[in-house]
Amino acid sequence: MEDLFENSPCGLLVLDLKGRITKANVTFLDWLGMGMDEIKDSLFTDHLEKGGKFYFDLFIIPTLRMQRKVSEISLELRGRTGSFFCLLNASFFKPSQEHDGLLSAALFRISDRKKYEDELIKKKSAAERNIQLKEKALEDVAFEQTHLVRAPLANI
């Protein structure tokens with residue numbers, strides 16, 4: 001099971017209720033370009049962009065406390081090699097009666113998906129611009145045609 005945890009194709013984390021990283025798998029460490037000794041006991045929010053830090057503290061943690069899980073939360077992580085987008089799925093669990101509880105998190109890197117979404121948005125904007133240009137051309141043609149028809153009628 002340890003090998004499955006460490007070499008999973010997604011980033012896996014165990015956090016305490018304050019958001020401190022207690023365990024991270026090799027995949028997550030590779031994404032950040034850090035070692036376990038560097039990341040252990042650091043806050044998960046230390047590895048997020050500014051907006052993600054606020055969102056994690058103000059939305060994700062309270063939701064986890066109330067509903068016990070969150071799914072498909074898009075976050076931007078910062079690592080030594082740069083930043084990247086990922087989807088966060090997390091849940092609350094209590095390993096024993098004496099323990100307050102922990103958060104288990106799975107992170108799925110979505111860099112290629114983000115590129116695809118950005119490309120779709122660009123193509124949609126280009127298509128909307130083309131439609132506006134065609135509508136403008138049709139309006140111009142309609143104006144010219146009505147003017148050509150009105151001019152002879154005005155003489156009559």
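The values are calculated or read from the model by the stated rules, or taken from the named source; none is laboratory data. Predicted, not measured: the structure shown is a model, and the values here were computed from it. Note: ideal-geometry Cβ built from the backbone for every residue, glycine included; neighbour counts use all protein chains shown. Just the protein is used for accessible areas: all its heavy atoms, side chains included, with ligands, DNA and RNA removed. Shrake-Rupley method; radii C 1.70, N 1.55, O 1.52, S 1.80 Å.
Is it the case that ILE73 is open to solvent by 80 Å² or more (accessible area, probe 1.4 Å), at pLDDT 85 or above and of a type in the set (Val, Ile, Thr)? Show your work before the answer.
Numbers: open to solvent by 80 Å² or more (accessible area, probe 1.4 Å): no; at pLDDT 85 or above: yes; of a type in the set (Val, Ile, Thr): yes.
It is false that ILE73 is open to solvent by 80 Å² or more (accessible area, probe 1.4 Å), at pLDDT 85 or above and of a type in the set (Val, Ile, Thr).
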Could you list, in sequence order, all residues of segment 1-27 that are under 26 Å from ASP100 (Cβ atoms), in contact with a helix residue (DSSP H, G or I) (Cβ under 8 Å, 6 or more places away or on another chain) and assigned to a helix (DSSP H, G or I)? GLU6
Can you spot a residue in segment 25-37 that is within 23 Å of ASP112 (Cβ to Cβ) and aromatic (Phe, Trp, Tyr)? yes
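Of the residues that sit in segment 5-19 and are farther than 11 Å from LEU107 by Cα and under 21 Å from the mean Cα position of the chain (by Cα), which one is surrounded by the most Cβ atoms within 10 Å (Cβ to Cβ)?
Applying the first criterion (farther than 11 Å from LEU107 by Cα) to segment 5-19 yields 5-7, 14-19.
If we keep only those that are under 21 Å from the mean Cα position of the chain (by Cα) as well, we get 14-15, 19.
Details: VAL14: 17, LEU15: 21, GLY19: 18.
Top of the filtered list is LEU15.
Just to check your reading of the model, which residue among LEU64, LEU58, LEU133 is assigned to a helix (DSSP H, G or I), within 29 Å of THR22 (Cβ to Cβ) and open to solvent by 100 Å² or more (accessible area, probe 1.4 Å)? Give the steps one after another, and end with the answer.
Values: LEU64 fails: open to solvent by 100 Å² or more (accessible area, probe 1.4 Å); LEU133 fails: within 29 Å of THR22 (Cβ to Cβ).
Answer to the check: LEU58.
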GLU38 - would you say it is open to solvent by less than 70 Å² (accessible area, probe 1.4 Å), free of Cβ contacts under 8 Å to residues at least 40 places away in the same chain and among the acidic types (Asp, Glu)? no
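For segment 67-109, which positions are among the β-branched types (Val, Ile, Thr) and not in a strand (DSSP E or B)? If you could, list the steps in order and put the result at the bottom.
From segment 67-109, those among the β-branched types (Val, Ile, Thr) are 70, 73, 81; that's our starting set.
Within segment 67-109, THR81 is the sole residue that qualifies.
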